[in-house]
Each structure stands twice: as structure tokens, then as C-alpha cells.
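Notes for the one structure printed next.
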Amino acid sequence: MTLLDFLVGRTASSTADRDATLALVRATDGPSVALDHVTAGYGRRTALSDVSLTVAQGSLLAVIGPNGAGKSTLLKLIAGLIRPVSGQITVLGGPPGSAARSIAYLPQAEAVDWEFPVTVREVVTMGRYARLGFGHEPGKVDRERVLAALETVGMTDAVDRQIGALSGGQRRRVFLARAIAADPELYLLDEPVTGVDARTQEDLMDVLEAEARAGKTVIATTHDLICAAQRFHQAALINGRLIAQGSADLVLDRKLLSETYGGHVLVLPGDGERMVLDDAHHHDEAPGERHYHDDSR
């Protein structure tokens with residue numbers, strides 16, 4: 001995926017469709033996302049099988065699972081980027097893609113070409129494009145929203161820097177600002193705090209918690225079990241199928257972790273036994289994806 005492909009995003013729905021969809025969701029107090037016996041994959045390879053999952057409005061949900069478990073596939077299904085082989089998906093009261101302007105999708109850092117010549121301001125401004133419509137230039141309100149989003153993530157000082165010149169943690173801050181600037185109802189974030197320093201992780205999680213308190217729904221994949229247990233409200237454990245969904249402390253349940261990760265869970269004996277995963281980065285092996293990790297912060 002080039003940076004431009006990601007930044008342009010999907011703008012299939014009209015403003016009227018979006019408003020009607022959100023009014024319906026809120027009026028019926030229905031879930032933000034619901035999957036009913038969904039199976040999906042790439043070619044002949046099945047990534048997810050018979051998954052039924054419901055995410056309430058205002059949830060902060062961590063999606064946990066090992067390499068190739070289907071976590072990224074789940075986000076792509078909800079975003080409408082791929083279609084299921086079978087089963088039904090409802091997103092903000094309609095089919096995936098029908099409320100695209102109300103969804104902010106943040107892919108893995110590895111999926112973006114960071115050499116694209118664009119500034120931090122331009123990246124975040126592109127979060128407003130779906131609302132502007134074709135051929136319309138950003139106005140005062142849009143510029144204010146962009147600066148407010150950058151202030152929220154602590155990146156106002158870098159507003160005119162080229163995105164590729166930033167550290168890994170700074171890039172994640174900027175792309176979260178782009179998502180915030182879009183003013184979505186639903187965030188789909190693929191490893192938003194992977195490869196960042198502890199301070200950045202805490203800052204980004206503060207932002208996501210605030211968005212959830214404001215009634216926004218946040219679904220994020222993560223490999224950090226402690227972060228998931230302490231900062232998220234709920235968790236979904238996945239490995240080709242849904243192992244369990246419930247309160248965030250599920251991610252510390254040894255039996256469920258063993259079922260999710262198999263032999264990749266190590267238990268270190270001693271006072272206060274600690275569970276360790278030997279699979280530090282988790283990706284779905286979709287066709288054409290390449291993965292590398294930026295150690296810079």
C-alpha cells in the first residue's frame with residue numbers, strides 16, 4: 001500500500017447516508033459492529049472461520065492473537081476492504097462500507113510507504129477529505145480540526161516536517177491525529193502502539209480512552225497483554241476463530257492464552273508467575289504484504 005492510497009481512503013457514502021446510519025444506531029442502541037458466523041480468507045487460505053462477535057458503542061476492544069491469527073483480516077472485514085466468504089457483518093447499522101466516512105482505519109506501520117513526500121499537516125488534513133467532498137478545499141473549520149488533532153497527540157511542533165523524517169512513535173501519533181481529525185464514530189487500529197516507547201504508548205492509550213468515553217468505538221489489535229489488560233475495556237482472543245470475548249482481564253487467563261497461542265506461551269515460575277509470549281509481532285499473511293520493524297522511537 002502506498003502512502004497516498006492509505007491517505008485518500010474510502011468515501012463511498014454520502015453525508016446523508018452517514019447521518020441516517022448513525023441516527024439509526026443511536027436510536028436503537030444497537031452495536032457498533034456485529035459479525036454473525038463470518039468466514040473469510042485470501043484465495044484458498046482461510047484466515048477466519050465462523051466468527052460471531054458483537055462490539056457495543058463506546059467500547060475499547062483489544063484484539064489479541066498470534067501471527068496469522070486473522071486480526072488484521074478482522075479489521076479489514078469491518079472496514080469493508082475485503083468481503084467475507086460467508087456470514088453477515090453489520091457496521092454502524094448497515095453493511096461494511098455504507099458508513100465509510102464514519103470509520104477511521106489505521107493499518108500496520110509496515111503497510112505504508114513512508115518515503116511519500118508529504119508533511120505532517122498534509123497527512124492529518126487528508127483525514128478531513130471525506131467530509132469535504134470532491135473538489136472542495138479545506139476551510140477554517142478543517143484547519144482548526146487538524147491543529148486540534150495534532151495537539152491531542154502532542155505533535156504540533158512537527159506540523160511542517162516530512163512524515164518519513166519522523167521516528168516510529170511520532171508517525172503513529174501523526175496517523176492517530178489523522179484518524180481523530182476525521183471525527184469518526186468507529187476506530188479500526190492495527191497495532192497502534194507497536195514499536196513505540198512507553199511514554200508514547202501511554203499517551204496514545206490516553207487518547208483512545210478519551211475517545212471511548214466520548215461514545216466512540218475503538219477496536220485495536222495489540223500484542224501487549226499488559227497494556228490490553230490495564231488500558232482496554234474488553235478483549236477478543238482470536239486464532240483463526242474467536243476463542244473468547246469478554247472483559248479485558250481475559251488476556252491474563254492462562255487457559256485461554258494457551259488455547260489462543262498454543263506453544264508460544266511460556267510461564268516463568270516464581271512468586272507471581274509471569275506469562276511470556278515468544279511471538280513478538282503478529283501479522284496476517286495477506287497476499288502482497290511485507291513486514292519489517294522500525295526500532296526508532
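Key figures
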quantity	calculated
Proximal lysines relative to Lys76, as straight alpha-carbon distance under 25 Å, when same-chain residues fewer than 8 apart are discounted	Lys216
18 Å reach of a label modelled at Ser52, 7 Å along Cα-to-Cβ, counting backbone N of the range 64-104	85-91
Calculated diffusion of the range 183-225, Stokes-Einstein form, Kirkwood radius summed over Cα pairs, 4 °C and 1.567 mPa s, µm²/s	120 µm²/s
Computed over the range 69-205, the ratio Rg/Rh where both radii use C-alpha atoms and Rh is Kirkwood	0.98
Solvent-accessible area per residue, Å², over the range 163-211 with all protein chains present [probe radius 1.4 Å]	24 Å²
Rule-of-thumb Rg ratio for the range 147-254 [Cα; 2.2 N^0.38 Å; N residues]	1.12
At 1.306 mPa s and 10 °C, Stokes D of the range 38-97 from Kirkwood alpha-carbon radius, µm² per second	131 µm²/s
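The values are calculated or read from the model by the stated rules, or taken from the named source; none is laboratory data. Because the structure is a prediction, the values reported are computed rather than measured. Using ideal geometry, Cβ is built from the backbone for each residue, glycine included, and neighbour counts are taken over all protein chains shown. Just so you know, the surface numbers come from the protein's heavy atoms only, side chains and all, with ligands and any DNA or RNA stripped out. Shrake-Rupley method; radii C 1.70, N 1.55, O 1.52, S 1.80 Å.
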